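Let me begin by presenting the structure, written as structure tokens, before commenting on it.
Every number here is computed from the coordinates shown, using simple stated rules; none is lab data. Just so it is clear, the structure is predicted and the values come from calculations on it, not from any experiment. FYI the Cβ positions are ideal-geometry reconstructions off the backbone, even for glycines, and counts take in every protein chain you see.
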There are 2 protein chains.
Amino acid sequence: MATGRTHRPATRSRGIPEATVARLPLYLRALTALSERSVPTVSSEELAAAAGVNSAKLRKDFSYLGSYGTRGVGYDVEYLVYQISRELGLTQDWPVVIVGIGNLGAALANYGGFASRGFRVAALIDADPAMAGKPVAGIPVQHTDELEKIIQDNGVSIGVIATPAGAAQPVCDRLVAAGVTSILNFAPTVLNVPDGVDVRKVDLSIELQILAFHEQRKAGEEAAADGALPTAARAGSADQGPDGDVPAVMPA
Amino acid sequence: MATGRTHRPATRSRGIPEATVARLPLYLRALTALSERSVPTVSSEELAAAAGVNSAKLRKDFSYLGSYGTRGVGYDVEYLVYQISRELGLTQDWPVVIVGIGNLGAALANYGGFASRGFRVAALIDADPAMAGKPVAGIPVQHTDELEKIIQDNGVSIGVIATPAGAAQPVCDRLVAAGVTSILNFAPTVLNVPDGVDVRKVDLSIELQILAFHEQRKAGEEAAADGALPTAARAGSADQGPDGDVPAVMPA
DNA sequence: CTATGTGAAACGTTTCACAGCC
DNA sequence: GGCTGTGAAACGTTTCACATAG
């Protein structure tokens, strides 16, 4: 649904499906784990299991990147790590700003996963003057007044919004005006952005509501099925639903 | 991709598409805002704009719930709030446990959005004995040893995992064994669960990587387009990508 | 003989366009 | 006259099944 305009064919293999892009980080994580254990090669079957998807999907996904496997053998772990990293743009590192250093913002700042893969917290920004100068996760919090300067000085193109809902849109507008073109939004609001700016959202309450829906349905079915399967069958392991939600992106 | 087994037709209008379910919370949020401003009715056009989707999609979504609108007029706000709440199972309230009270767990415990819509934090659980008894967000942290007892005593069916990656699977296993059937996973791992257990995941690092992919592509296109559109056109407001990711659910 | 890579089928979701009702 | 509700078309994603290469 949300694959950029594709202004033109560009280099060559343009057009990796959005659903595939959303799964690449999963593959990368599984591959990194294998790499740390010095595993040289994996089959699509093994890697798929580690990433929580089925092997046909994985092979199809990789086929969009090129032919990086060896028939009869599998994939070279190191090589694939590199190829996927490159495809995702993780060979360069991205300076990121976090705006809104409350509980959540602080948790994000402390989150190790940031640094581990190509992202660097360039600055923490908060509207509370009392926070200014205080270090969070070893980084001093700066005041919102500095926002534009910080973005420009650091060449930041990715912003994380962890403010209360009411502050999110104004912050978003300022980020975009200052040059940010990708936003990860934790505030429970719909953000309005110009064309060419991507927004992804993470909303705890929405996730819980979706779980509640299925939970309710289970309860209903149990009642409906009556004396039949009382506690339901327990076995096997479910596929994790690969993507982190495909359609939350709003490309150019 | 992940709609339950549908053991049988059940009552009647079974089979709301997963993509629609994922958007219902968005509509609900927009409707709640309208309700607070005492707006009596909305058109699909207005509500869609508030929820960040297009009106055709919204109407199709609502058509799965029934015919709750009035042609030529629109939808009754209060009535729709009720119908969607009921559909999502939010008319009852769900006790939830949060396991792993680090930075993120604490942030989640403090998150207001929990209580606001049918969810109640029944307990906070952490493996660190030093945390035991300490109140976080007004709720005393309990030790992991108590996990099974807490789940059973409170009839908890939804668990939130905010532990480090290494602890997530064991915690998940214990939650499931104790009776939890829906899990919201913040740990960067694939969780293995038996059939009948839903897992949704929220992964910051994955979201950032997806943004980086598009960001990189933008940079490439700009370079490719050369002297042409230098800073790119800025105008209009993008649609927010309704769902929080449809496929992360693993129903029965 | 094994495991990748990929057309083609099946499925799910979104968009279109308009009939139907208020 | 205006807005909902919905078949049908268009599109994207997943799954199947097998030709192909090592």
Check: Among B:166-179, A:170-183, how do they line up from the highest to the lowest mean number of other beta-carbon atoms within 10 Å?
Finding: A:170-183, B:166-179
Next item on the list: Give, rounded to the nearest 20 debye, the magnitude of the charge dipole that region A:18-88 has about its Cα centre when Lys and Arg contribute +1 at Cβ and Asp and Glu contribute -1 at Cβ.
Entry: 140
Next item on the list: Specify the inter-centroid distance of region B:157-210 and region A:159-211, based on alpha-carbon positions, in whole Å.
Entry: 24
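Can you compute the FRET efficiency between B:Ser63 and A:Ser38 using 1/(1 + (r/R0)^6), with r the Cβ-Cβ distance and R0 = 60 Å? Round to the nearest 0.05. All intermediate terms of the calculation are to be shown ahead of the outcome.
Numbers: r = 54 Å, r/R0 = 0.91.
For R0 = 60 Å, the calculated efficiency reads 0.65.
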Next item on the list: Any of A:Lys60/B:Lys218; A:Lys57/B:Lys149; A:Lys218/B:Lys60; A:Lys134/B:Lys149; A:Lys60/A:Lys149; A:Lys149/B:Lys201 with alpha carbons more than 32 Å apart? Name them for me.
Entry: A:Lys57/B:Lys149; A:Lys134/B:Lys149; A:Lys60/A:Lys149; A:Lys149/B:Lys201
Checklist line | Percent RCO, i.e. relative contact order, over region A:94-201, from Cα pairs under 8 Å lying at least 6 residues apart | finding: 26
